[in-house]
Amino acid sequence: MGRSTLTMAVAAAAVLTPIAAAAPATADTGGFTKTTLHFQVFVGPNRDVPCDVIGDVYKPDAASASNRVPAVLTTNGFGGSKNDQAGIGSFLASRGYAVLAYSGLGFGGSGCKIHMDNPEYDGVAASELVSFLGGRDGMAFVDPAHTVPVPGLDYVVQDATAHHGTAEANDPRVGMIGGSYGGAVQFAAASVDPRIDTIIPMITWNDLSYSLAPNTIGQTSGVSTSIPGASKVVWSLTFGAVGATNPRAEGYAQDPVRALGCPNFADPACPALAQSAVQGFPDPASVDFLRQSSVVSYADRVKIPVLLMQGQQDTLFDLNESKATFETLQAQGNDVKMIWHSWGHSNLTPAEGEINLRDPNPDTQYETGRIIDWFDHYLRDSGADTGPVFSYFRDWVDYTGNAAPAYAESSDVSVGQGFSLYLSGDGALTARRDRIVPGAQTLNTLPGGLPTDREAPDTRPNAPVSQSVQPGTEAEWSSGILDAPLDVVGAPLLDVRVTAAPAVTGVEDSVVVFTKLYDVAPDGTETLINGQVAPVRMVAPGEPVRVVMPAIVHRFGERHRVRLVLAGGDPSFRGGLVPHQVTIAAGDPGQALVLPVTG
């Protein structure tokens, strides 16, 4: 792993996205004041673990006990703090929302350890802060020692009943917004607190065990699988380093307990990260720990409107995760909509006119407009149009200003129609059955799960790919030259049959290969689309498998080629520990790459 890759991964782990811009908003429509407070919250299964949470309260000048306003709760991404939310806080306060921006547990001056957005810890902490917004006294203080109290807010709109249909104490009209770690906590909070009215989670996960060790075959529910995949070593080690060092010396000095056991993390986190990095996949206990902090485990307790925003350039939390969450919520009757925007953890810079809360303007920024309309609709009962069910950014559409022209809209999240390219024995991807010829390709995986190489794409989507590949470690198929553009929106599927030697007896000696989709330009330059890699861990090679690759929004241009690669390793992952010779069958219609094509 090169130095530049690690640097980019650390920066992305902090999730300092435009939603967390530090500069005040400039499109003000009203003044506000900001006050920093400390909150005593009690978390854990029995709500008996005390934590100090630091937060900034933004009060619109016009807000008062006789002129109540709705509220928004927001928190940081992994490794960040409340200060990252100054942009969204200022922006919303200038539009008449009371805002509480706080540092999550274990980060940015807040006490207690990192629990990976577990509902019983991070969700309950957010729920406690909801009570303060609803007027609860005795929990807010000027000082971290909690000696100078501040009353609960008396200028936030109160709801007569919560979303389970009965009255609750200190029930404010409140929504939540935030990205990545600050996105998942919204689901955790909503699962334990029916007073929360709506949430806008951005670039976050559905199943954290899939995020950090994906397997793209054998899905049991959404992206979840019973057989773990391959560990994302770059991301996992980065999380460990950022989380353990976030409090710095003064943080551990003020709260020495955080240095005990697993430093700054809940105790199960350290063995989960270490074990996964060493053997290349999480054990069942680690999977359970990660899923406890995942909406896949408690979506049935989230009953409110949700606007999902997910990034196309994101090798940490891919588009498939948002689609899994969307489909679960939609099936249980939630009002849910979804946006696939251009940016994500792998490239934190939005396209022009998508979102920029350093200088927010709903008229010139597509996502900013959708956010304000959503909150106005559900927190102000304004009747604002909340937009299409599904929209996705197309980087091949020319526009200036607001990015709306680059967004396609749909009432259905499955917009592509299956276009099959068959794996032929001569290395071709052909759309014509009569051109399929029998044959097979063989590749080798390396011992210890080592990469086979090509430059790590984890944090560099859409970069040209190095050609340094260990001989005999890849199999590939290429289409003919395209005579017209091919637009793909959704998850490519690969139906394939693989055999391997030596024989496999279980997860420990299973076969791991990595499926990748490239765009090959007329000059031969290969681009791994959005840096996405689909690990496949097989415990029963020989049986046909369906690989659900990470979803993409991509145009293969005229005179380009589609290239499919199966590799024995990848620098961003830990592969299988036992080396195998892998044979991939081709030459019959059952072996095919199916692209979801629009237009």
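The values are calculated or read from the model by the stated rules, or taken from the named source; none is laboratory data. Since the model is a prediction, treat every value here as computed from it, not as a measurement. Cβ sites come from the backbone with ideal geometry, for glycine too, and all protein chains shown count toward neighbours.
In the range 68-125, the residue that is nearest to residue 294 (Cα to Cα) out of those that are charged (D, E, K, R) and touching a Phe, Trp or Tyr at 6+ places or on another chain (Cβ under 8 Å) is 117.
Apart from one condition, residue 62 fits all of (1) under 13 Å from residue 133 (Cα atoms); (2) of a type in the set (A, V, I, L, M); (3) free of Cβ contacts under 8 Å to residues at least 60 places away in the same chain; the exception is (1).
Take residue 238 and decide whether it is of a type outside the set (Asp, Glu), free of Cβ contacts under 8 Å to residues at least 24 places away in the same chain and closer than 20 Å to residue 182 by Cβ. Spelling it out, it is not the case that residue 238 is of a type outside the set (Asp, Glu), free of Cβ contacts under 8 Å to residues at least 24 places away in the same chain and closer than 20 Å to residue 182 by Cβ.
Out of the range 60-91, which residues are in a loop (DSSP other than H, G, I, E, B), within 22 Å of the chain's Cα centre (by Cα) and either polar (S, T, N, Q) or not assigned by TED's automatic domain parsing to the domain that holds residue 121 (or both)?
Here is the first cut: in the range 60-91, the ones in a loop (DSSP other than H, G, I, E, B) are 61-63, 65-66, 68, 70, 76-81.
Pick out the ones that are also within 22 Å of the chain's Cα centre (by Cα) and you get 76-81.
Once the filter is applied, which keeps residues that are in a loop (DSSP other than H, G, I, E, B), within 22 Å of the chain's Cα centre (by Cα) and either polar (S, T, N, Q) or not assigned by TED's automatic domain parsing to the domain that holds residue 121 (or both), the range 60-91 yields 76, 81.
So, residue 267, is that one in contact (Cβ under 8 Å) with a residue 40 or more places away in the chain, within 18 Å of residue 111 (Cα to Cα) and not aliphatic (A, V, I, L, M) or not? For residue 267, the condition - in contact (Cβ under 8 Å) with a residue 40 or more places away in the chain, within 18 Å of residue 111 (Cα to Cα) and not aliphatic (A, V, I, L, M) - is not met. Figure legend. Inter-residue proximity from the range 151-162: first residues within 17 Å of residue 175 (Cβ to Cβ), second residues among the aliphatic types (A, V, I, L, M) and surrounded by 14 or more Cβ atoms within 10 Å (Cβ to Cβ), beta-carbon distance below 6 Å, spacing 6+ or different chains. Indicated pairs: 153/133; 155/63; 156/71; 156/98; 156/133. Among the candidates 408, 428, the residue that is modelled with pLDDT of 95 or more, among the small types (Gly, Ala, Ser) and within 23 Å of residue 347 (Cβ to Cβ) is uniquely 408.
Scanning the range 335-387 for residues that are over 23 Å from residue 314 (Cβ atoms) and assigned to a loop (DSSP other than H, G, I, E, B) yields 335, 359, 361, 362, 363, 364, 381, 382, 383, 384, 385, 386. Applying the condition of being surrounded by 24 or more Cβ atoms within 10 Å (Cβ to Cβ) and of a type outside the set (Gly, Ala, Ser) to the range 213-231 and asking which residue is nearest to residue 316 (Cα to Cα) yields 214.
Table: residues versus (1) in a loop (DSSP other than H, G, I, E, B); (2) within 25 Å of the chain's Cα centre (by Cα); (3) in the same structural domain as residue 511 (by TED's automatic domain parsing); (4) without any contact (Cβ under 8 Å) to a residue 60 or more places away in the chain.
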position: 392; (1), (2), (3), (4): no, yes, no, no
position: 396; (1), (2), (3), (4): yes, yes, no, no
position: 399; (1), (2), (3), (4): yes, no, no, yes
position: 422; (1), (2), (3), (4): no, no, yes, no
position: 426; (1), (2), (3), (4): yes, no, yes, yes
position: 437; (1), (2), (3), (4): yes, no, yes, no
position: 440; (1), (2), (3), (4): no, no, yes, no
position: 443; (1), (2), (3), (4): no, no, yes, no
position: 448; (1), (2), (3), (4): no, no, yes, no
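What about residue 285, is it free of Cβ contacts under 8 Å to residues at least 24 places away in the same chain and within 13 Å of residue 413 (Cβ to Cβ)? Working first, answer last.
Numbers: free of Cβ contacts under 8 Å to residues at least 24 places away in the same chain: yes; within 13 Å of residue 413 (Cβ to Cβ): no.
Against the criterion (free of Cβ contacts under 8 Å to residues at least 24 places away in the same chain and within 13 Å of residue 413 (Cβ to Cβ)), residue 285 does not qualify.
Cβ separations smaller than 6 Å between residues 6+ apart or across chains give no pair from the range 532-553 residues that are assigned by TED's automatic domain parsing to the domain that holds residue 312 to residues that are charged (D, E, K, R).
The single condition among (1) touching a Lys or Arg at 6+ places or on another chain (Cβ under 9 Å); (2) modelled with pLDDT of 95 or more; (3) not polar (S, T, N, Q) that residue 367 does not meet is (1). Does residue 269 satisfy the condition of being surrounded by 24 or more Cβ atoms within 10 Å (Cβ to Cβ), of a type in the set (Gly, Ala, Ser) and farther than 30 Å from residue 541 by Cα? Considered against the rule, which asks whether it is surrounded by 24 or more Cβ atoms within 10 Å (Cβ to Cβ), of a type in the set (Gly, Ala, Ser) and farther than 30 Å from residue 541 by Cα, residue 269 comes out as yes.
This table checks each residue for (1) over 24 Å from residue 311 (Cα atoms); (2) surrounded by fewer than 24 Cβ atoms within 10 Å (Cβ to Cβ).
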residue: 108; (1), (2): yes, yes
residue: 127; (1), (2): yes, yes
residue: 146; (1), (2): yes, yes
residue: 164; (1), (2): yes, yes
residue: 172; (1), (2): yes, no
residue: 181; (1), (2): no, no
residue: 188; (1), (2): no, no
residue: 196; (1), (2): yes, no
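Within the range 256-264, is there a residue that is out of contact with any Leu (no Cβ under 8 Å at 6 or more places or on another chain) and among the polar types (S, T, N, Q)? Looking for residues that are out of contact with any Leu (no Cβ under 8 Å at 6 or more places or on another chain) and among the polar types (S, T, N, Q), one finds at least one in the range 256-264, hence yes.
Which of the following residues is assigned by TED's automatic domain parsing to the domain that holds residue 345, more than 21 Å from the chain's Cα centre (by Cα) and in a strand (DSSP E or B): 130, 57? Matching residue, one of 130, 57: 57.
The residue of the range 37-56 that is surrounded by the fewest Cβ atoms within 10 Å (Cβ to Cβ), among those that are among the hydrophobic types (A, V, I, L, M, F, W, C) and over 17 Å from residue 73 (Cβ atoms), is 42.
When the helices (runs of 4 or more DSSP H) confined to the range 208-304 are screened for residues that are under 17 Å from the mean Cα position of the chain (by Cα) and among the basic types (Lys, Arg), those reaching at least 1 such residues are found at 284-292. Scanning the range 318-328 for residues that are crowded, with 24+ Cβ neighbours inside 10 Å and of a type outside the set (S, T, N, Q), we see that the one that is farthest from residue 531 (Cα to Cα) is 321.
Does residue 533 qualify as being closer than 19 Å to residue 321 by Cβ and either touching a Lys or Arg at 6+ places or on another chain (Cβ under 7 Å) or assigned to a strand (DSSP E or B) (or both)? Explain how you work it out, then say what you get.
Working: closer than 19 Å to residue 321 by Cβ: yes; either touching a Lys or Arg at 6+ places or on another chain (Cβ under 7 Å) or assigned to a strand (DSSP E or B) (or both): yes.
So residue 533 fits the description; yes.
Does the range 552-566 contain at least one residue that is among the charged types (D, E, K, R), within 28 Å of residue 482 (Cα to Cα), within 25 Å of the chain's Cα centre (by Cα) and part of a strand (DSSP E or B)? Yes, the range 552-566 contains at least one residue that is among the charged types (D, E, K, R), within 28 Å of residue 482 (Cα to Cα), within 25 Å of the chain's Cα centre (by Cα) and part of a strand (DSSP E or B).
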